[in-house]
Every structure is written in C-alpha cells, then in structure tokens.
Amino acid sequence: MTATTAQRAVPTSSDRSAITRFGNLVGSEWTKLTSVRSTIWALLLLVILSVSFTGLLIGLISGQWDTITEQQRQVIRLDPVSQILGAGFQFSQLAVCVLGVLVVTSEYTTGTIRASMLAVPRRIPVLAAKVVLFAGVTFMVAEVAAFSSFFLGAAILSPHIPVSLTAPGVLRAVIGAGLYISMLGIFAIAVGTLIRHTAAAITGIIGFVLVLAPLTLLLPGNLGKYVYAYLPTNAGQQLATTGQAADALLSPWQGFGVFALWTAALLTLAAYLLQRRDV
Amino acid sequence: MIEVRDLSKRYGDTLAVDHLSFTVYPGSVTGFLGPNGAGKSTTMRLITGLDRATTGTATINGVAYADLPDPLRVVGALLEAGAVHPGRSAFNHLLFLARTQAIGRRRVEEMLELVGLTEVGHERVGGFSLGMRQRLGIASALLGDPEVLILDEPVNGLDPDGIFWFRNLIRHLAAGGRTVLVSSHLMTEMALTAENLIVIGRGRLIAQSSTAEFISANSEHSVRVLTPDPDRLSQLILTAGGTVTRSADGALTVALIDAARIGDLAASAAVTLHELSPQVASLEEAFMERTHESRQYRGADIVGEPLPVPVPAPAAAIAPAQGTLAGTSR
C-alpha cells in the first residue's frame, strides 16, 4: 500500500497559482454542497414551490377576474409583473435563507468545520469559496424559478392583461429576482458564520427578512420612511419588482447597491470573527 | 519534527495548557499521555491552529501550521473521529478534503482501501459504527501522505484486530522517517506502540523520555522471593539494608536491594531459594505514580474490605407487601 512505504505517494506541495488554488476550494465546496441530499432538495423545492405558487395565485386571480372589483383589476393592470413574481418570491427567500445558513452551520454542528479548517488553516479562503459557489448556484436556480414563474404567470394572465418581457423594467425585474436571491444567499452565509448555531441563525434571518424588515413600513414619519427604504432586504427587493413609486428613495439599482453594501459589511465582520475564533 | 515552545491556552479562568514545551522527533512513535483534562487534545488543537494560543508557538518542520501552503500534504491530523457530516458518504468526505489540496480521486480510493472501507465508501457516514468512523478519520489523516501525524485517541472504538492493524501501521510509518504523535489513555496500548513518551498533567510537562526510561525511573524496583526459611532470609536482607514485606502466599517482596545481592546473601547463609524474580512495573503503574498529584478528575480511593453484595431481605418481610399488592389488584 502506498501509504505504508517510505516513498511519498503525494508530493509535499504542489505549485499552483493562486487562482488554481481558489478554484480547487470552490470545487471542494461543490463536493460538499452536492454530496448532502438536503441541499439538493432545498434547491429543487425553491424552484417547484415558487413556480407552483405563481401558477396557483395567478390562476386564482385569472379565474375570478370577472368577480373582483374594478379597483382590484386596476391594481393588477398597473403592475402585473409584481403580482406574478411576488407570488413565489417568499418561498425563494425562505429556501435561500435556510440553505445559506445551513451551508455554514451544518459544518459547525457536525464538526466538519474542523476538517475544513485543518485543510485550509487560513480559513477566509473557505468562506470566500463558499460565497462564490453558493451565490453562483443560487443565482442560476433562482433565475430558473424567476423565468419559469414569469412565463407561466404571463400565459395565465394573457386573456386579461398582456404581459411582455420587453416592457420597461420587466426583464430587469426578472433577472433582478435572481440577483436578489443570490445576494440574500450571501447574506445568509454571513449570518450563519456569525451565529454558528443552526436554529438561532435561521430564526434570526427569517425573523428579520420576512417579519421585521417589512414591519418597518409601519414606522411613522420621514424617519420611518428612510429606515424602511435602507434596510438591506427592503432595499434589495427594489431590483426584483416593477412599478416603483415616483417618489421612491432608491432606484432599483441603488437599492440593490445598498443591499450589497450591507452584505459586504456583514461578511467582513463574519470573516474577521472566523479568523479569530477557535473552531 | 514538531516543536512546541512555551505554549499556553487560557479558557476563561482555566489555564488548559500551561507554558508547555516539548519536541517530537521523526523516526519513532511518540506517545502523548496525561490524565483526563490534562490538555492533550487542546495541545493538539493548538499545534494544528484550530485554537489560537494564548502564549508561545508550535511549529511543524519549523513552520507554523497556518503557513503551510498544502497542510494536508505535510500534517495528517485525527482530532475528532465523529466530526463528519452524517449525510455525506465516506468517499465524498475524503474527496472534498482532497480537492482542497489538488489530490486526486485515486488517492481517495486508495485510502478507503487502506482502512478497509471500500465496500461502504459510498454509504452515508450516519450509519457507521464508532470503529468505522475512526477508520475514516485515519484515512483522512493519511490522505496527503503526510510526514507528520498528529492523532488524538486513534484506537478509540477499534476492535482488537483494528488496534493490532493500526499499531503496525503507525510503527511502519514512523520507521519510514515520519513524525508520529499519538495520544491515548490506554497505557498498555502506549507501552506497546510508543518508543518515546511525552507526559503532561494539568497542562504542564511532567516528563519527556523514552518509554523504557520512563517506566524504570518511575517505578519502585522490587524482587519477589520464595524460600522455605523466610524468617532467616528476612533477617539477612534487613541487615543488608533492604526492606521486606510478606504477602499472603508466603512470598517476600524485597525492595532497595537487587536480585543478585539477595541471591548472594542467601548463598552465604545456605538458605534455599525457590523463586527469585525481579518485578517489572507496568507503564500504567509508572504513569499513576508520576501523575498522581496532577490528576484533575479522580474517583474515590477504593480501600478496605471487598464490598459485599446486599443480602436480600428475609421472605417474611416481603410477604405483607405482596399481600397488599394482591389486595389492591382485586
């Protein structure tokens, strides 16, 4: 057996460029992500749930088109794309938050983090590889979900309202849905790295994204308006919707930029603590 | 070579590792001994950079672990055998580790074969026994064919066959010029496997020496003597400066003078000897002797008469209770 002979079966080091090394780490993360059934399920669910709920909700609207009030019809006519994309959007958010957190915390709960850190004792490259891989994978999956939802919803609504991908802001919103979900995945990885415990991290991020951030809409006055607009996910969601109000504080891309800055800040803190803490 | 210099680790109020210095040399197996809570695992975690040291340094061939470009190709560590995602297969666990260092799939398959897990390599680790997880841990430590091995309780959970296999494996690896540091709480196992010892207690170095030296330096040498005339011989030994204790079977246990001297004394007085055997202490006894004071967690001393099994209460005392039972059930 090779290991038991004095001859070295594996050379002590290999001359690889920094890019190749990082590519190796991304490959390693790919193996981790795809070798556990739950991640595959979560990604599949993301697509299935958001597409089927789009079908269900838009189908309900279409089916009751003649019985709903003219006022309701007017709201839908003004911004049909938001209706279509919004239906499955919550599920995508939920799935990517859970999965992004788990990508990190499952390593802590199972102890795999020790193996990972022994292999890459500088630690931060592991976090960077996770971010790159997970952002890439969720972007593609979320785009599949967004485009499928869009075409399905548009087809269902077509007898009542024409919806076209080429209308102003529509393509941006559909692509933006994938970008937003992908950024939310990075946000979740940062939260998972900071908190390290699965239950606490999932509760924290879901509570913030789906409950707390939307609730700030109820804050009174001008200050409330700013708080709502600049919170990370509220700002980021601007990219994934059409029909912004004329007096919106942030344009879609500005909003996404604000979300990216929040994510970068959180990720920097996560990297700093990852470097410092004992594992 | 592993060099530890002035290494300390503080967790809150406790100093788990207390200014520890030692060197582990290549070419032999070095045993790392200490009572529970002595700081063995913490020391290993400090050497491999999982924990940040409070003071001091640890280097591997002169380089800090964190500065090794491909650490798995230089150091193989087994620190916690259970630390594997239960939903992942053994193969994929090794594969993700291998990919970080640009080690090929072939090597992963070879390692599974080496530790005897080829058949279950694609099954999920959640169904593995402790021994199988331990084998997977050994496979991941050997993945990069490292020249330094740091193994924390590697035989934990292995069956006797596995222990025998593992002992031969690490001796073979050490003989090939590798540096091997193995911690264990199984003294008998260490006595068989390790040529050198590092003994710590409460985070401090107690001894670093060869196993044989450690045993001989930390055990009282005694000689067991059987003779038909114990009174006469005891007299002779006491006058020669030895000590004698008589055991229940009539044998004498002599300390402070050696077997040759006892033989001479007996011959000079024409006392017949039926047995004259020097007693060799075990590593366990030597270890107990040396670490007695530094043990942190200790059970009560077991002394006095053997503890009898409680005598069952007389049948008469039980009878009324049975009556009551019968009464309530009616």
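The values are calculated or read from the model by the stated rules, or taken from the named source; none is laboratory data. Everything quoted here is computed from the prediction, not taken from an experiment. Here the Cβ positions follow ideal geometry from the backbone for every residue, glycine too, while neighbour counts run over all protein chains shown.
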Exactly one condition in (1) modelled with pLDDT under 95; (2) under 21 Å from the mean Cα position of the chain (by Cα) is false for A:Met183; which is it? (1)
Looking at the stretch A:240-279, which of its residues are within 14 Å of chain B (Cβ to nearest Cβ) and hydrophobic (A, V, I, L, M, F, W, C)? A:Leu273, A:Leu274, A:Val279
Hey, A:Val132 within 14 Å of another protein chain (Cβ to nearest Cβ) and either of a type outside the set (Gly, Ala, Ser) or closer than 30 Å to A:Arg73 by Cα (or both) or not: no
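Confirm whether B:Ala248 is within 30 Å of the chain's Cα centre (by Cα), of a type in the set (A, V, I, L, M, F, W, C) and modelled with pLDDT under 85.
Judged against the criteria, B:Ala248 is not a match.
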Give me the pairs, please: first residue somewhere in the stretch B:87-109 and more than 17 Å from B:Ile138 (Cβ to Cβ), second residue anywhere and of a type in the set (D, E, K, R) and assigned to a helix (DSSP H, G or I), beta-carbon distance under 7 Å, and either six or more positions apart or on two chains. B:Gly87/A:Arg37; B:Phe96/A:Lys32; B:Gln101/B:Arg73
Candidate set: the stretch B:61-74, residues that are assigned to a loop (DSSP other than H, G, I, E, B) and within 26 Å of the chain's Cα centre (by Cα); chosen: the one farthest from B:Thr100 (Cα to Cα): B:Asn61
Give the residue, chosen from A:Leu250, A:Leu218, A:Leu231, that is surrounded by 13 or more Cβ atoms within 10 Å (Cβ to Cβ), more than 20 Å from A:Ala188 (Cβ to Cβ) and not aromatic (Phe, Trp, Tyr). A:Leu250
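Have a look at B:Ser129, B:Ser89 and point out the one that is small (Gly, Ala, Ser) and modelled with pLDDT of 95 or more.
Testing whether each residue is small (Gly, Ala, Ser) and modelled with pLDDT of 95 or more leaves just B:Ser89.
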Over 30 Å from B:Met190 (Cβ atoms) and assigned to a strand (DSSP E or B): is that true of B:Val244 in this structure? yes
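For the stretch B:24-60, enumerate the residues that are assigned to a strand (DSSP E or B) and touching a residue at least 60 places away in the same chain (Cβ under 8 Å).
Within the stretch B:24-60, B:Val24, B:Val29, B:Thr30, B:Gly31, B:Phe32, B:Leu33, B:Ile60 meet the criteria.
So that you can scan it fast, the table gives a plain yes or no per residue for (1) among the aliphatic types (A, V, I, L, M); (2) more than 7 Å from chain A (Cβ to nearest Cβ); (3) under 23 Å from B:Glu195 (Cβ atoms):
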position	(1), (2), (3)
B:Pro69	no, no, no
B:Phe91	no, yes, no
B:Leu112	yes, yes, no
B:Arg124	no, yes, no
B:Asp152	no, yes, yes
Scanning the stretch B:194-215 residue by residue, those surrounded by 24 or more Cβ atoms within 10 Å (Cβ to Cβ) and outside any strand (DSSP E or B) turn out to be B:Ala194, B:Gly203, B:Phe214
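To keep it simple, each residue is scored yes or no on (1) out of contact with any Phe, Trp or Tyr (no Cβ under 7 Å at 6 or more places or on another chain); (2) more than 9 Å from chain B (Cβ to nearest Cβ).
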| site | (1), (2) |
| --- | --- |
| A:Val10 | yes, no |
| A:Ser17 | yes, yes |
| A:Leu25 | yes, no |
| A:Trp41 | yes, yes |
| A:Leu44 | yes, yes |
| A:Leu49 | no, yes |
With a cut-off of at least 2 residues that are among the aliphatic types (A, V, I, L, M), name the helices (runs of 4 or more DSSP H) lying wholly within the stretch A:183-279. A:198-206, A:221-230, A:252-276
